[in-house]
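Encoded as structure tokens, the structure appears first; notes follow it.
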Amino acid sequence: MTVQNIVFLLPVYNDWKSLKIVLERINKKVKKLKKKNFILIVNDFSKNKFIKVKHLKFINEIKILNLKKNLGSQKAISIGLKYLQQNKKNSIITILDSDGEDDINKIPEMIKNANQNFNKVIVSQRTKRKENFFFRFLYLTHKVLTFLFTWNWISFGNYSSFHIENLKKILKDECSWLAISATIAKNCGIKKVNAERKKRIAGVSKVSFRNLIIHSLRINSVFLHRSFLISFFYILILINFSIFNLNHIIIALIILYNFALILIIFLNNQNEYKNSIKLIGKIEILNIS
């Protein structure tokens, strides 16, 4: 199957300055791909305006989906994927963040692998990170916690490339409304490409301690049923083996953790996912000549 179209999907919330630079860098990297290159920006109800870009010689079109309210990057990506499922056929889709932290130099390698592995999602496995020690420690804690309750080591984020046929698997349930990386890990075969996590280009990161906890819970809530089974297994072990007389505390924490996952699913309004395409407002096509 010959793929003619490359589509880059980028969610954005106020990061227009960094997005402009990201688009310029994408334009340079797609020069040798010899494909039609399209950009789909999902504007997550930003408070400021888009910075105009011109002279992107190797990009055929930039389209902006303006959402009617702020939903967060994961839901914005989910809506973008739904839109592409209806509007782009026989394409390679690459999901990128708009802050510049994803290694754009890896785009040709990611797309090449996606072309060679139509039935897999190519994910960018993070190697070095540029955040401070405290954030890196929290991120490691999140990965360990996720592994303990899902038996999945998820060391990648949104940055991924795949043939559009994989959308059937990614969007087959409502999990993409919660976390894209976890949905891919749960529903798809994956192939990893190592990439360094870069510093954001401009502005201040919106990731706070609170947001990191919520994001971690969202990822784990994708595996809710598996978490229940694994938690039951842990509780059985704790009931039968005394561990420093802390069994009842650990069991209570495990139960509380699973209740937190249920709460996250409830608060994220899964019913909204079914009609999420209606959350798209004005659709703009930018002049890039």
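The values are calculated or read from the model by the stated rules, or taken from the named source; none is laboratory data. Because the structure is predicted, anything quoted here is derived from the model rather than measured. With ideal geometry, Cβ positions are generated from the backbone for all residues, glycine too; neighbour counts draw on all protein chains shown.
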Among the residues that make up the stretch 29-52, is at least one of them touching a Lys or Arg at 6+ places or on another chain (Cβ under 7 Å) and over 18 Å from Thr94 (Cβ atoms)?
yes
Residues (out of contact with any strand residue (DSSP E or B) (no Cβ under 6 Å at 6 or more places or on another chain), assigned to a loop (DSSP other than H, G, I, E, B) and buried (at least 20 other Cβ atoms within 10 Å of the Cβ)) located in the stretch 98-140
Asp99, Gly100, Glu101
Report yes if some residue within the stretch 219-236 is out of contact with any strand residue (DSSP E or B) (no Cβ under 6 Å at 6 or more places or on another chain), surrounded by 15 or more Cβ atoms within 10 Å (Cβ to Cβ), among the aromatic types (Phe, Trp, Tyr) and assigned to a loop (DSSP other than H, G, I, E, B); otherwise report no.
yes
Condition first: in a strand (DSSP E or B), among the aromatic types (Phe, Trp, Tyr) and either surrounded by fewer than 17 Cβ atoms within 10 Å (Cβ to Cβ) or touching a Ser or Thr at 6+ places or on another chain (Cβ under 7 Å) (or both). Can you find one or more residues in the stretch 7-21 that meet it?
yes
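Looking only at the stretch 148-201, count how many residues are basic (Lys, Arg), in contact with a helix residue (DSSP H, G or I) (Cβ under 9 Å, 6 or more places away or on another chain) and at pLDDT below 90.
Step one: filter the stretch 148-201 for residues basic (Lys, Arg), giving 168-169, 172, 186, 191-192, 197-200.
Checking which are in contact with a helix residue (DSSP H, G or I) (Cβ under 9 Å, 6 or more places away or on another chain) leaves us with 168-169, 172, 186, 191, 198, 200.
Imposing the further condition that a residue be at pLDDT below 90 reduces the set to 198, 200.
Result for the stretch 148-201: 2.
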Looking at the stretch 18-71 only, could you name the residues that are under 16 Å from Val7 (Cβ atoms) and either modelled with pLDDT under 90 or polar (S, T, N, Q) (or both)?
Asn27, Leu33, Lys34, Lys35, Asn37, Asn60
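Which residue out of Leu246, Leu212, Leu238, Leu229 is modelled with pLDDT of 95 or more and either on the phi > 0 side of the Ramachandran plot or not small (Gly, Ala, Ser) (or both)? Give the derivation first.
Numbers: Leu246 fails: modelled with pLDDT of 95 or more; Leu212 fails: modelled with pLDDT of 95 or more; Leu238 fails: modelled with pLDDT of 95 or more.
Leu229 is the lone residue from the list that is modelled with pLDDT of 95 or more and either on the phi > 0 side of the Ramachandran plot or not small (Gly, Ala, Ser) (or both).
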Restricting attention to the stretch 39-55, report how many residues are touching a helix residue (DSSP H, G or I) at 6+ places or on another chain (Cβ under 7 Å), closer than 11 Å to Leu286 by Cα and part of a loop (DSSP other than H, G, I, E, B).
3
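Hey, any hits in the stretch 60-67 for a residue that's crowded, with 20+ Cβ neighbours inside 10 Å and in a loop (DSSP other than H, G, I, E, B)? Give the derivation first.
First, pick out the residues of the stretch 60-67 that are crowded, with 20+ Cβ neighbours inside 10 Å: 62, 65, 67.
Narrowing further to those that are in a loop (DSSP other than H, G, I, E, B): none.
No - not one qualifying residue is present in the stretch 60-67.
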Regarding the stretch 46-60, can at least one residue be identified that is farther than 19 Å from Ile104 by Cα and of a type in the set (A, V, I, L, M, F, W, C)?
yes
